[in-house]
Structure formats: C-alpha cells, structure tokens
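In what follows, a single structure is set out as structure tokens and then discussed.
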Amino acid sequence: MYRTILVPLDDSAFSERALPMATTLAQHLKSKLILTRVASASVFPGTDATEAQVQAVREAQAHLSGLAARLRKQGLLVEIAVPYGDAAEEILVEVGLHSADLVIMCTHGRSGLGRWIYGSTAEQVLHRSPAPVLLVQPTGESMTFRLEPARTSFLVPLDGSEFAEAALPHAVALASAFDGTILLLRVVEPPTSAYTLAEASLLPPTSEGSFQEAESYLAGVAENLRDSGLPFQTAVQEGWPADVIAHQSAASGPSLIVMATHGRTGVARLVLGSVALQVVRRSSLPVMLVRPVQQPTA
C-alpha cells in the first residue's frame, strides 16, 4: 500500500527526526524512500540570483546525498529530490512526480518553533496532498520513536461518518505489517463543549441512547474488520474530541494515531477546524492524517 514514501526535510536537525519513523516503515513495508529538500536562496534586489540559487541546490544535494548514503547501508532503497522554489508547492509537486503513497514529515522545521505545523507549509501539504501525511513530533533531544512488531497499537478516532472511516484501510495496512492492534474510539460530545477534562464531571449527563448508538456503531465497524484477522478494541468516551483523543493516546499506550482530515460534514472539519491540529499539538505520538478520496458536493 505504501510503495513510495516521501520525506520532506530542511537544513535543520528538527526535520530529520522524522527519519526513524520513515526508516522503520520503509523496512517493514519494503518501500522506497524519497528524501526531498526544497532549495531556496535570498538575494538582494537587482542582483543576479543564479549563483545563489545554484549554491543552494548544491548544498541541499550534498545534505541529502549524505543522508541517503547512510540509509542505503541499512539496505534501504533511497532516492533524493532537490526542487527549487516555494516549500509547500514543491513538496506537493514531488508527491505527484513520484506517485508517493505517504508523506512523513516533522511538525517542527528550521526554527524548532512549530514552523511546519503552525505555519503555511504543513498546512498546505495537509490540505492538498492526495497522499496521507504522517506528522512526527520532535520530542526530546533526539527522535528515536519506532514501531515495534507485535507491540504496536493504532488509535483510530471515528465520528460515525464515511469520511472518518477513510482512515480504516490505512490503520489495517499498518497493523497488518506490524502484527498490531487497532483501537477504535468514538467520542460522544456532551451538551456543551466549554470544559476541560478536569471539569467533565460537572457537565450535564449525555443521554444513554447516545452511548448505545456509539457502541453499536463501533461494533459494526469492528465486525467488518474481522476478516483482516487483526485484534481490535473499541472504546466510547464522552468529551470534546481533541481532549479525549489526546488523553486516550496517553492512557492506552497506542503507537500511532490514524485519523481522517474530514469529519461528519465532509468539509475538512478535522484539519481546517481544531481537532486534528489540537491532537497534533497535545499528543506526543505520530499522527497520520488521511484525506478521503470522496469529496463533498457544494
């Protein structure tokens, strides 16, 4: 399912902290890695930019060549790509040129201050990439997070919509490759969302029917997954989705969160709204965001 994995990098150590995850997936899935770095150069107005542009491309090629040589020693198939121009635009072009099945990138870029996820680059890639985007947090001094066979679990938040279920095939593919467990989570929102987890006990109770409907829905989804032969669990919790997903990811110990970028209404609620971005901010786990192929009509 993931024959080609694209890994956008810049000139910082922060961006390279996505490499352990990319390497692990490539090894288990027999995927080809495409390391890409978008070159750019700043020049004074009125001066010839050619030399600066050529130098920027050479530096990027030298950087990626060194990384690629190191990864090839691990038996991986690795290529490099150094386009020149706008970061987001060129990353998306490379996704198309290489028919990438997955993009893996770090949530922090050059400055280490969340430039990729809170700035325009990752947001544009997330919104427009036809391939799923796996975001990795650069926690600690170095990023050493890896998926371990038979010890991995994949948290899949669902809201009852076909849009959200677009994440399921990807969770199944990853769980199959790593002999992992799938945890299906349905969050039942309370009458009001103006609360924190600590204040949840003060909220009016959610109707029993809402919980029963959510449990019945997850049971149906789980039944459809039985043919995969994978172990799975289901959980229904009350709260604001971003809070509950982040809390569940810490409490149950999954290895990776897999969720769709479109929710109930099919209007990119999870990415353009707050849920996915809040989950990325609050959870230390990698988050794979899948954009459903079916798009809503106006």
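Per-structure values
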{"read-out": "Accessible area per residue, Å², segment 1-83 with all protein chains present, probe 1.4 Å", "value": "49 Å²"}
{"read-out": "Accessible area (Å², 1.4 Å probe, nearest 10) - VAL187", "value": "10 Å²"}
{"read-out": "Projected label distance in nm at TYR84 and ARG72, using a 7 Å step from Cα toward the beta-carbon", "value": "2.5 nm"}
{"read-out": "By accessible area with a 1.4 Å probe, ligands and nucleic acids excluded, highest first: order of LEU97, LEU64", "value": "LEU97, LEU64"}
{"read-out": "Charge sum, other residues only, whose C-beta stays under 11 Å from ASP101's C-beta, Lys/Arg counted +1 and Asp/Glu -1", "value": "+2"}
{"read-out": "Spacing of the two label points (7 Å from each Cα toward its C-beta) at ARG151 and LYS30, in nm", "value": "2.6 nm"}
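The values are calculated or read from the model by the stated rules, or taken from the named source; none is laboratory data. Note that the structure is predicted; figures quoted are calculated from it, not measured. Note: ideal-geometry Cβ built from the backbone for every residue, glycine included; neighbour counts use all protein chains shown. Just so you know, the surface numbers come from the protein's heavy atoms only, side chains and all, with ligands and any DNA or RNA stripped out. Shrake-Rupley method; radii C 1.70, N 1.55, O 1.52, S 1.80 Å.
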